[in-house]
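This report concerns only the one structure given below.
The values are calculated or read from the model by the stated rules, or taken from the named source; none is laboratory data. Source: prediction; values computed, not measured. In this analysis, Cβ positions are derived from the backbone assuming ideal geometry, glycine residues included, and neighbour counts consider all displayed protein chains.
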Amino acid sequence: MKKISNNKYKVTFLVDNKNTWFSKYLNIFPIKNKKYIFKVSSNVKKVFNQDVLFIINYTKILNKKRLLQNKLNLVIHSSNLPKNRGGAPLHWQILRNKKKIKICLFEAIEKLDAGNIFLTEELSFNGTELYDELRDKQAKKMIKLIKKFLSKYPKIKGTSQFGKPSFNKKRNLNHSELDINKSIKDQFNLMRISDNEKYPAFFNFRNNKYILKIYKK
């Protein structure tokens with residue numbers, strides 16, 4: 001695809017007002033750019049005719065009609081696709097005690113998390129990071145992938161996913177429940193991935209619900 005003379009590529013970041021943790025990292029993209037015009041939107045109905053649409057932590061799946069409204073739709077997923085497709089891949093892998101997690105930039109298609117992969121990076125954890133630290137490392141790798149892609153675009157091609165896919169369930173508030181009969185050590189990873197404000201760790205005891213919040217000193 002050739003860029004029209006004197007025109008810039010149009011790039012939009014589609015973000016979700018209900019899932020805002022990543023949005024603050026988008027201020028690293030300058031308003032003035034020789035190659036791109038950047039825009040951030042939370043209204044998918046107003047996003048069309050874009051050269052590249054980055055669908056960033058958007059909680060709704062775009063249907064075929066929406067996908068066809070832009071030239072290229074990209075998603076970032078924190079797993080070694082096709083493994084761990086579906087919701088909250090970072091969280092589920094932390095619960096499995098993984099300390100190295102691949103992160104993929106791939107094309108959004110109708111089939112869930114099944115599009116061609118353009119670029120990958122690797123997240124590394126030491127096992128002590130709490131929720132905000134996990135998100136910070138994740139976001140910085142996502143920004144790195146986006147910048148790398150934009151530095152190569154449009155001369156960059158994706159490759160097909162290879163291997164047998166696996167899927168994770170969507171997480172909800174009940175997934176933050178602790179077992180009072182297990183030790184803190186055994187449940188530390190669950191406490192690490194719990195958002196102290198939106199979905200804190202909790203336990204039920206004697207007909208009462210108790211909420212636990214975790215911080216580093």
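For segment 168-217, a residue qualifies if it is of a type in the set (Ser, Thr, Tyr) and either in contact (Cβ under 8 Å) with a residue 12 or more places away in the chain or touching a Phe, Trp or Tyr at 6+ places or on another chain (Cβ under 8 Å) (or both), and the qualifying residues are Ser176, Ser194, Tyr199, Tyr210, Tyr215.
The set of residues from segment 98-153 being among the hydroxyl-bearing types (Ser, Thr, Tyr) and over 14 Å from Asn73 (Cα atoms) comprises Thr120, Ser124, Thr128, Tyr131, Ser151. Could you list all residues from segment 186-217 that are over 22 Å from Thr20 (Cβ atoms), among the aliphatic types (A, V, I, L, M) and crowded, with 16+ Cβ neighbours inside 10 Å? Within segment 186-217, Leu190, Met191 qualify.
The set of residues in segment 1-47 that are of a type in the set (A, V, I, L, M, F, W, C), under 22 Å from Lys155 (Cα atoms) and modelled with pLDDT of 90 or more comprises Val11, Phe13, Ile37, Phe38.
Do we have any residue at all in segment 29-50 that's assigned to a helix (DSSP H, G or I) and more than 19 Å from the chain's Cα centre (by Cα)?
Scanning segment 29-50 turns up at least one residue that is assigned to a helix (DSSP H, G or I) and more than 19 Å from the chain's Cα centre (by Cα).
Residues in segment 102-110: is at least one farther than 15 Å from Lys144 by Cα and surrounded by 20 or more Cβ atoms within 10 Å (Cβ to Cβ)? Yes, segment 102-110 has at least one match. Applying the criterion of being crowded, with 18+ Cβ neighbours inside 10 Å and in contact with a strand residue (DSSP E or B) (Cβ under 6 Å, 6 or more places away or on another chain) to the residues of segment 90-101, the residue that is nearest to Met142 (Cα to Cα) is Ile101.
Tell me which residues, restricted to segment 102-135, are touching a Pro at 6+ places or on another chain (Cβ under 8 Å) and among the hydrophobic types (A, V, I, L, M, F, W, C). It would help to see each step written out before you state the result.
Restricting attention to segment 102-135, the residues satisfying the condition of being touching a Pro at 6+ places or on another chain (Cβ under 8 Å) are 113-114.
Ala114 - this is the single residue of segment 102-135 that is touching a Pro at 6+ places or on another chain (Cβ under 8 Å) and among the hydrophobic types (A, V, I, L, M, F, W, C).
Just so you know, in segment 60-84 the residues that are among the basic types (Lys, Arg) and either at pLDDT below 95 or over 18 Å from Ile94 (Cα atoms) (or both) include one that is surrounded by the fewest Cβ atoms within 10 Å (Cβ to Cβ), and it is Lys65. Of all the numbered requirements in (1) assigned by TED's automatic domain parsing to the domain that holds Arg206; (2) farther than 23 Å from Ser23 by Cα, Lys164 misses one, and that requirement is (1).
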